[in-house]
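Peer 1: Quick one: the structure is below, and I'll ask about it shortly.
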Amino acid sequence: MVFDSRTITLKDGRKCILRPAQPDDSADLIEYMEKTAGETQFVLRYPDEVNYTVEQEREILGNILNDPGQIMMTGIVDGKLAGNCSINGIGAKRKIRHRCSLAITLYREYWNLGIGAAMIDYLAELAKQIGYEQIDLEVVEDNTRAQALYKKCGFEESGKRTRALKFDDGTYHDEILMTKIL
Ligand SMILES: CC(C)(COP(=O)(O)OP(=O)(O)OC[C@H]1O[C@@H](n2cnc3c(N)ncnc32)[C@H](O)[C@@H]1OP(=O)(O)O)[C@@H](O)C(=O)NCCC(=O)NCCS
């Protein structure tokens, strides 16, 4: 969906614009997915699993902009893409349509500047306006940085999924389930 841009001041004094991802961001977002997948093991994909063409990505971003139940928010610092955060409905069936999920990843050079907290706070505001009643997410158990951020933003632990992920090195990793009631 389309939403108003918001400018925040980062911990280092720079400004960051939080705005909807646009079809023209396609090439930047593909590069971002590949690079960030190489910078952290805490996103689902490996770099070689980013297989979108710019045209496919344009279509996806256009569909998200026109979907009142989905949000894709980019953070722009000094004209460059710093990261992305999104909200998606869990499903259209009446028993689950009160729930949405959240995903967030920033380029490593933009960590610890306050972008993550600002994005999640703004997305939670927008998700409530849409009519969602809670945000659910999964976070790898070893990802203490993200868990700290989610707790700061009002999420609470609601469970654990054992052996949720299997890395290429053969190790299994549990996921912590977290929920924020809106
Ligand atoms: C997780 C992520 C989105 C955080 O974004 P961010 O912009 O760095 O977060 P913020 O700067 O808003 O806040 C980070 C907070 O965590 C704290 N923190 C940083 N490292 C920490 C650690 N190892 N343990 C505990 N807290 C930590 C910071 O002090 C800060 O809190 P404060 O503002 O109260 O001081 C970012 O690190 C990222 O993109 N990581 C890789 C992808 C990822 O893990 N995504 C989540 C998948 S579920």
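Peer 1: Can you list the HN-Hα couplings for the range 135-141, worked out from phi with the Karplus curve (6.51, -1.76, 1.60; θ = phi - 60°), rounded to whole Hz and with x for Gly and Pro?
Peer 2: With coefficients 6.51, -1.76 and 1.60, one gets 10, 10, 8, 10, 9, 4, 4 Hz.
Peer 1: Could you put 10, 137 in order, starting from the residue whose Cβ has the fewest other Cβ atoms within 10 Å?
Peer 2: Lowest to highest Cβ neighbour count: 10, 137.
Peer 1: Another one. Determine by what factor the alpha-carbon radius of gyration of the range 59-151 differs from 2.2 N^0.38 Å, reporting the quotient.
Peer 2: So the range 59-151 has a normalised radius of gyration of 1.12.
Peer 1: A further question follows. Which FRET efficiency value, to the nearest 0.05, is calculated for residue 1 and residue 142 with the Förster distance at 41 angstrom and r the Cβ-Cβ distance?
Peer 2: Result of the calculation: an efficiency of 0.80.
Peer 1: Compactness ratio of the range 1-100: Cα Rg over 2.2 N^0.38 Å, N = residue count?
Peer 2: 1.17
Peer 1: Rounded, prolate or oblate: which one fits the range 44-90, using the alpha carbon gyration tensor with axes a ≥ b ≥ c (rounded when a/c is under 1.5, else prolate when a/b beats b/c, else oblate)?
Peer 2: Verdict is rounded for the range 44-90.
Peer 1: With loop defined by DSSP as not H, G, I, E or B, and exposure as at most 16 other Cβ atoms within 10 Å, which is the longest segment of the chain clear of exposed GluC sites (Glu not before Pro)?
Peer 2: 1-132
Peer 1: Would you mind ranking 85, 153 by Cβ crowding within 10 Å, fewest neighbours first?
Peer 2: Final ranking by Cβ density, sparse to dense: 153, 85.
Peer 1: In the chain, what % of DSSP beta bridges are antiparallel (nearest 5)?
Peer 2: The answer is about 90 percent antiparallel.
Peer 1: Quick one: 136, 169, fewest Cβ neighbours within 10 Å first, how do they rank?
Peer 2: Fewest-to-most ranking of 136, 169: 169, 136.
Peer 1: Just to be sure I understand the model, the point goes 7 Å from the Cα along the line to the Cβ. What's the resulting residue 166 to residue 51 distance in nm?
Peer 2: For residue 166 paired with residue 51, the spin-label model returns 1.9 nm.
Peer 1: Binning every alpha carbon pair distance of the chain at 10 Å from zero, what are the percents per bin?
Peer 2: 9, 35, 40, 15, 0
Peer 1: Then there is this: Between beta-carbons, use under 13 Å as the cut-off and find the net charge around residue 107, counting Lys and Arg +1, Asp and Glu -1.
Peer 2: -3
Peer 1: Continuing with this model, one more query. Indicate the gyration tensor shape class of the range 14-61 (rounded, prolate or oblate), computed on the Cα atoms with a ≥ b ≥ c the square roots of the eigenvalues: a/c under 1.5 is rounded; otherwise a/b larger than b/c is prolate and the rest oblate.
Peer 2: Oblate shape, in that a/c is at least 1.5 and b/c is the bigger or equal ratio.
Peer 1: Moving on. Multiply the residue gap between residue 92 and residue 40 by 0.36 nm, knock off their C-alpha separation, and tell me the result in nm, one decimal place.
Peer 2: Additional length available on full extension: 15.5 nm.
Peer 1: Additional query: Using only alpha carbon positions, build the gyration tensor of the range 108-176, then give the equivalent ellipsoid semi-axes as the square roots of 5 times its eigenvalues, largest first, whole angstrom.
Peer 2: Here the semi-axes work out to 25, 17, 10 Å.
Peer 1: Counting helices only, and only those DSSP H runs with n ≥ 4, report the 222 nm mean residue ellipticity of the chain as the sum of -39,500 (n - 2.57) divided by its residues, in deg cm²/dmol to the nearest 500.
Peer 2: Dividing the helical sum by the residues of the chain leaves -9000 deg cm²/dmol.
Peer 1: Cut-off 10 angstrom, C-alpha nodes, Gaussian network model of the chain. Which of 95, 80, 15 fluctuates the most?
Peer 2: Among 95, 80, 15, the largest GNM mean-square fluctuation belongs to 95.
Read-outs: derived from the displayed coordinates by stated rules, not from any lab. Just so it is clear, the structure is predicted and the values come from calculations on it, not from any experiment. Every residue, glycine among them, receives a Cβ derived from its backbone with ideal geometry; neighbour counts consider all protein chains shown.
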